[in-house]
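The values are calculated or read from the model by the stated rules, or taken from the named source; none is laboratory data. The model shown is predicted, which means the values in this text are computed figures rather than measured ones. Cβ sites come from the backbone with ideal geometry, for glycine too, and all protein chains shown count toward neighbours. In case anyone asks, the SASA skips ligands and DNA or RNA and just uses the protein heavy atoms, side chains included. Shrake-Rupley method; radii C 1.70, N 1.55, O 1.52, S 1.80 Å.
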Amino acid sequence: MVRPLLEISRFKMYFHTDKGVVKAVDDVDLTVNEGEVVGLVGESGCGKSVTSLSVMGLVPRPPGRVEGGSIRLADRELTHLKGREWRKIRGNVVSMIFQEPMTSLNPVFTIGDQIVEAIRQHRKLDKKAARRLAADSLQEVGISRKGILEEYPHQLSGGMRQRVMIAMAMVCRPKLLIADEPTTALDVTIQAQILDLMRRLNRETGTAILMITHDLGVVAEMCDRVVVMYAGQVVEEADVNTLFNQPRHPYTQGLLQSIPRLGQRAERLYSIPGNVPNPKQMPTGCRFAPRCEYAMNICRTEEPGLFAIGDGQNSRCWLHVDKKEEADRDPTTTTS
Amino acid sequence: MLIPVLIGMSIITFSIVHAIPGSPAKAILGERATPEAMERLEENMGLNDPLYIQYFRYVGNLLQGDLGTSVQTGRPVAEEILPYLTATFELALCAMLIAIFFGVNLGILSAWRQNTSVDYLSMVIALIGVSMPVFWLGLMEQWIFAQELDWLPSNGRMDPRMFFEPITNFYLLDALIQGNLYALQDAFRHMLLPAIALGTIPMAIIARMTRSSMLEVLRSDYIRTARAKGVREGLIIYKHALKNAFIPIITVFGLQMGLLLGGAILTETIFSWPGVGRYLYDAIHARDYAVVQSGILIVATIFVIINLIVDLLYAWIDPRIQYGKE
């Protein structure tokens, strides 16, 4: 029986700046079940990082403001939490690793100190026990060399630092690990090691992973299910095989086409025409319509909902309904 | 680094002092001295020898711990300057503590609440602090707190009626060692106004430096990591961020401390503080070469030593900095 662990529904996070309102996350629905690995895919600036930071409560407010919707984690509503309540959850129920292992560890404290701090934040352990636990957690991520606890971040390579970050994030056995492009800054060989490690930890500890990436290769290797975001919205959601074999949203199709393949020598690599819309001036109707080769009249005037199209696949596209009326009758749609 | 700097300093002080117009013989004998008497005295003092010989004699003596003899009092400078030096040092240290405590906290506060009224208010305070001349601030303090309110004494290091025998000549320390609470209280009350006057400008500079350094650090990835671990905001600021932000701030500590030692002269004059600034000021008027040379050299040496300490502090705070290793 799959139980939902993280349920984001109709969540909106806007940034109120001097130059206008930026709708960074606009009406996002996303579910991660217990023990599941979900990929969150999209171009830079599509709102995937803001979505994940919102789950951590790490979006700076102001300028960020929750404009609606809810985030439920392990049956707990997160959007109303105050500072102290957030701190009990961060690093404990949900933890996060980041893109830049080189700068994500504090340069002036030892590895041991930093992991022990994470432990003692949430567990009542004395220093000795916490250090033992820190050493164990490092062993778990494949660092067993002696004296590592006494070393400083600058003495480690990027891959090692990312392992330390993972050890630190996993040490309190969170239910959910958010990984924001954890391998983007690493060498290809190290990337594979880190992905293997995360996959293994997921199997062994049952910690669900929300994997944020723009790399579809990583998604294919790691994830059970994929959520594709475009311009602050979820445009398609499906299990990983379905998404790669039968992408239904034109944007997802474009993304998949733009992966260069071995053995095919194309004259030019495919790219989706046009640019990501300016988040301060979103197009009316479907946000992808200006770049979409199938765009119809309705696409430019009315915003499509996320339509359920069977097998747990959802797509935000007018192509899936013959007429708009039909969409309105469909009980699973969330037309906005 | 220390040694070449000191050699350079000794040459510079020596040259500057000898470039000052006026003769020490004249200062000693007075305006109406006969040329013959002046000639004789200058010969005795070695002032007619070539400059380089005078210099080497001076350095040779220095190396033996002999800073020369004051022509005014006839006492060895090394002995005479010490109480003045400790008086200045005590004042500068207290001023620096005030400057660091208020400067760092003000800077942190405004970085933490960036672009809020708290931030603007803190920076206005810092701006006022940095643009207020020491002599004006000192006089205002005296007028308000000593004259009008009569809360604090306006000058000196201690009430002359106090029964007190200094040991190290750091009055606060001495009073503490002797367990003399009256003296401690009195020394503290005397210290307060001059230390505030002297510490205000460094306080303002430190506050601005801390703010910009903290702002940069607070934006960094490892602060986000600390937040993601669930660390409380206070610890993030005072542990994770401050230790990193301190690296550039410490440089300012060192420079300001050096400036305080040399630049206390105005404060010392206003508050009749018997410090090295006043001592040198009097010596310059009296053309007392030995005192001026040695005084400047000592202050310069302390400046260099403080900067050495700052360099060592870097390595202590930042594990990425290591000296003497490849």
What relative contact order, as a whole-number percentage, does the range B:84-317 give when Cα pairs under 8 Å and 6 or more residues apart are counted? 31 percent
Report Rg/Rh for chain B, rounded to two decimals, where Rg is the Cα radius of gyration and Rh the Kirkwood radius. 1.05
Can you pull the accessible area of residue B:176 for me, 1.4 Å probe, Å² to the nearest 10? 110 Å²
Residue A:127 accessible area, 1.4 Å probe, all protein chains in place, Å² to nearest 10: 140 Å²
Out of the total accessible area of the range A:4-230 (probe 1.4 Å, heavy atoms of protein only), what percent is carbon and sulfur? 48 percent
Return the distance in nm (one decimal) between the two label points of a simple spin-label model at residue B:155 and residue B:315, each offset 7 Å from Cα along Cα→Cβ. 4.6 nm
What relative contact order, as a whole-number percentage, does the range B:53-176 give when Cα pairs under 8 Å and 6 or more residues apart are counted? 16 percent
Debye, to nearest 20: dipole size of chain A, +1 on Lys, Arg Cβ, -1 on Asp, Glu Cβ: 1180 debye
Any idea which of A:192, A:249, A:121 is furthest toward the positive side of the dipole for the range A:116-266, if Lys and Arg beta-carbons carry +1 and Asp and Glu beta-carbons -1? A:121
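Could you order B:101, B:303, A:15 so the one with the most accessible surface comes first? Probe is 1.4 Å.
Heavy-atom accessible area, descending, gives B:101, B:303, A:15.
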Could you give the dipole magnitude of the range A:158-279 about its Cα centre, charging the beta-carbon of Lys and Arg +1 and that of Asp and Glu -1, in debye to the nearest 20? 180 debye
Drop in accessible area of at least 50 Å² in the complex versus isolated chain, residues of the range A:78-123, 1.4 Å probe: A:87, A:98, A:106, A:107, A:108, A:109, A:117, A:121
The range A:13-89 - Rg and Dmax from Cα coordinates, angstrom: 13.1, 42
Any idea how far the Cα center of the range A:3-70 sits from the one of the range B:186-201, in Å? 54 Å
Got the relative contact order for the range B:183-326 handy, in percent, Cα pairs under 8 Å and 6 or more residues apart? 24 percent
Heads up, I need the accessible area for residue A:214: 1.4 angstrom probe, whole protein in place, Å², nearest 10. 100 Å²
Dipole of chain B [Lys/Arg +1, Asp/Glu -1 at C-beta], most positive-end residue of B:60, B:110, B:265: B:110
List the accessible area buried at the contact between A and B, summed over both sides and calculated with a 1.4 Å probe, in Å² to the nearest 100. 2100 Å²
Over the protein assembly as shown, volume per residue of the alpha carbon convex hull, in Å³: 248 Å³
Could you give the angle, 0 to 90 degrees to the nearest 10, between helix B:51-63's Cα long axis and the longest principal axis of the Cα atoms of chain B? 60 degrees
Leaving ligands, DNA and RNA out of it, rank B:9, A:229 by accessible area with a 1.4 Å probe, largest first. B:9, A:229
Counting only DSSP beta bridges with both residues in the protein assembly as shown, what percent are antiparallel, rounded to the nearest 5? 60 percent
Taking Cα atoms, how many degrees apart are the long axis of helix A:188-205 and the longest axis of chain A, rounded to 10 and kept between 0 and 90? 80 degrees
Among A:12/A:48; A:127/B:243; A:82/B:229; A:128/B:229; A:48/A:88; A:12/A:280, which pairs are too far apart, with a Cα-Cα distance over 18 Å? A:127/B:243; A:128/B:229; A:48/A:88
For the range B:145-223, run through the chymotrypsin sites (Phe, Trp or Tyr not before Pro) and keep only the ones in DSSP coil with at most 15 other Cβ atoms within 10 Å of their Cβ. B:151, B:163
For the Cα atoms of chain B, what angle does the longest principal axis make with the long axis of helix B:289-317, in degrees from 0 to 90, nearest 10? 20 degrees
Leaving out ligands and nucleic acids, and using a 1.4 Å probe, what accessible area per residue does the protein assembly as shown come to in Å²? 50 Å²
Tabulate in residue order the Karplus-calculated ³J(HN,Hα) for the range A:285-298, using 6.51 cos²θ - 1.76 cosθ + 1.60 with θ = phi - 60°, rounded to whole Hz; enter x for Gly and Pro. x, 5, 6, 8, 3, x, 10, 8, 6, 9, 4, 10, 4, 4
Give the residue from B:220, B:299, B:314 lying farthest towards the positive end of the charge dipole for the range B:84-317; charges sit on Cβ (+1 for Lys and Arg, -1 for Asp and Glu) and the dipole is referred to the Cα centre. B:220
On the accessible surface of the range B:84-317, probed at 1.4 Å, how many percent belong to carbon and sulfur atoms? 69 percent
Protein-protein interface of the range B:194-237, residues with accessible area decrease of at least 50 Å², isolated chain reference, 1.4 Å probe: B:221, B:222, B:224, B:225, B:228, B:229, B:230
Regarding chain A, what are the three Cα extents along the principal axes, ordered largest first, in Å? 67, 51, 46
With all protein chains present and a 1.4 Å probe, the order of B:18, A:80 from largest accessible area down is A:80, B:18
When the dipole is taken about the Cα centre of the protein assembly as shown, and only Lys, Arg (+1) and Asp, Glu (-1) are charged at their Cβ, what size is it in debye, to the nearest 20? 1700 debye
